[in-house]
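One structure is given below, encoded as structure tokens.
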Amino acid sequence: MSRWPSVPLGELLKPSSDRVQLDPDQTYAQVTARLWGKGLALRGLVKGSEIAAAQQNRVSTNQFVISKIDARHGAFGIVPAELDGAVVSNDFPAFDVDPEKALPEYVAWVARTAWFIAICKSASEGSTNRVRLKESRFLAQSIPLPSIAEQQAIVARLNVAAVTVAKRGNAAMLVAAEVEATLRAAFVRIIADAPRVAMGEIAPLVRRPVVIDLDASYPVSTPG
């Protein structure tokens, strides 16, 4: 038996919606969800008049944001401080991470694993060109959930490993895929004995992973 419980994501993630009416003359930051667990980044700064929708969802630091269309390709991540207040379309639901159950940094590392991407695939359905994430099915999936103290220790170890791998990668000119594979393997080793917890338990849905991006040209999924 694993020493950690398996918890549904719905117990950790709480849906959140912060709809804002766009001002045509105001400048807004938009978010890009990079594929294969590479996290969120700034897509660009645009005037409200340049955005097709009259309203968008505003996201906040440490929320978990996922692309309904490209979740199966790893398009999701934790909102970094520099994207606090950025806007996304309804195709990018946001979730608050329950601070009493999970650290956003821990969720970010979990989201970088191949098995997390696999559960996003299993939670997506539709025809070939219209496969979309089903939020209820996603939140019913489970991930291993250690105590907050253990999560802090895991995050600290992985952050150190990330810095070490990044330095080695830069020196040896390793490709991003090799770096990602090394970090994911490190995470899997650390949580090898853990059971799974539902994602919805970690973060609720809000309408409004430490990621090392060594390949800025990597394909991205962009919210409208």
Item to complete: Among the residues of the stretch 24-54, write down those that are in contact with a Lys or Arg (Cβ under 9 Å, 6 or more places away or on another chain) and surrounded by fewer than 14 Cβ atoms within 10 Å (Cβ to Cβ).
Response: 24, 25, 26, 27
Worksheet item: Residues of the stretch 61-90 being at pLDDT 95 or above and surrounded by fewer than 18 Cβ atoms within 10 Å (Cβ to Cβ), which ones?
Response: 61, 81, 82, 84, 85
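Has the stretch 87-106 got any residue that is of a type in the set (Gly, Ala, Ser), outside any strand (DSSP E or B) and over 26 Å from residue 21 (Cα atoms)? Walk me through it before giving the result.
In the first step, residues of the stretch 87-106 are kept if they are of a type in the set (Gly, Ala, Ser); the result is 89, 94, 102.
Next, from what is left, pick out any that are outside any strand (DSSP E or B): 89, 102.
Restricting the remaining residues to those that are over 26 Å from residue 21 (Cα atoms) gives 102.
Yes, because at least one residue in the stretch 87-106 is of a type in the set (Gly, Ala, Ser), outside any strand (DSSP E or B) and over 26 Å from residue 21 (Cα atoms).
Please note which strands (runs of 3 or more DSSP E) are completely contained in the stretch 1-81 and include at least 3 residues that are within 21 Å of residue 148 (Cα to Cα) and over 13 Å from the mean Cα position of the chain (by Cα). Let's see the steps before the verdict.
Working: elements: 6-11, 13-16, 19-21, 27-34, 40-47, 55-58, 64-66, 76-78.
It comes to 6-11.
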Item to complete: Would you check if residue 166 is surrounded by 13 or more Cβ atoms within 10 Å (Cβ to Cβ), out of contact with any Cys (no Cβ under 9 Å at 6 or more places or on another chain) and modelled with pLDDT under 75?
Response: yes
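The values are calculated or read from the model by the stated rules, or taken from the named source; none is laboratory data. Small disclaimer: the values here were computed from a predicted structure and weren't measured. As a convention, Cβ positions derive from the backbone with ideal geometry for all residues, glycine included, and neighbour counts pool all protein chains shown.
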